[in-house]
Amino acid sequence: MQLTIAFADERDAALLASLITTAFEEYRATLVPPSSAHRETADSLRAVMAGPGGGALIALDGAVPVGCVVFHDEEEDLYFGRLSVLPGARGKGVAKALIGAVEEYAAAAGYPGTRLGVRLALPANGALFASLGYEVTSHGTHEGFARPTWANMRKAIASSRGGVPRV
């Protein structure tokens, strides 16, 4: 795999939506409650990217898109979500590269940390984030559920304000 990470812009919104819905497809029939990732559109992603701190990154294997992540301001930190890797590219470091690029961008932009939400029904995802230094800060419960269904996680990062991210 010849992996590169690049910033996306609004012209990439349809590609981002396709990557996200394809990567999340395996959860369509099994994740309860269903993921809202299946409802992402080019317009909804453009709106996130145009908002405060909004942006996205695309992972490319050569010239072929294999993953993405979307981010925006949340509290004082940079929140990232919709971390998506196509099934054929999984297990090759794409998710870790995207997370690393988000963290690098956040540090260069002066954010004190990065944060995300992860479904409790996907323990391997939570374990990945924990292995990268993310800690659970709270839990949330989807409407209609009696117990928590997701964990909020955060990682403090060293700021390199004024630096230029390599992505």
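Can you tell me which residue within the range 76-91, out of those that are over 20 Å from Tyr27 (Cβ atoms) and either surrounded by fewer than 20 Cβ atoms within 10 Å (Cβ to Cβ) or touching a residue at least 40 places away in the same chain (Cβ under 8 Å) (or both), is nearest to the chain's Cα centre (by Cα)? Among them, the one singled out is Asp77. Scanning the range 95-148 for residues that are of a type in the set (S, T, N, Q) and outside any helix (DSSP H, G or I), we see that the one that is surrounded by the most Cβ atoms within 10 Å (Cβ to Cβ) is Thr114.
Among the listed residues Leu60, Leu15, Leu31, identify the single one that is assigned to a loop (DSSP other than H, G, I, E, B) and surrounded by fewer than 20 Cβ atoms within 10 Å (Cβ to Cβ).
Working: Leu60 fails: assigned to a loop (DSSP other than H, G, I, E, B); Leu15 fails: assigned to a loop (DSSP other than H, G, I, E, B).
Among Leu60, Leu15, Leu31, only Leu31 is assigned to a loop (DSSP other than H, G, I, E, B) and surrounded by fewer than 20 Cβ atoms within 10 Å (Cβ to Cβ).
Selection of first residues in the range 34-52 that are closer than 16 Å to Leu83 by Cβ and without any contact (Cβ under 8 Å) to a residue 60 or more places away in the chain and of second residues that are of a type in the set (D, E, K, R) and assigned to a helix (DSSP H, G or I), restricted to Cβ pairs under 7 Å at least 6 apart or on distinct chains, gives the following pairs, ordered by first then second residue: Met49/Glu10. Inspection of the range 35-44 identifies no residue that is modelled with pLDDT of 95 or more, buried (at least 17 other Cβ atoms within 10 Å of the Cβ), in contact with a helix residue (DSSP H, G or I) (Cβ under 7 Å, 6 or more places away or on another chain) and not polar (S, T, N, Q).
The values are calculated or read from the model by the stated rules, or taken from the named source; none is laboratory data. None of these values were measured; they are calculated from a predicted model. Methodologically, a virtual Cβ is constructed for each residue, glycine included, from the backbone with ideal geometry; neighbour enumeration extends over all protein chains shown.
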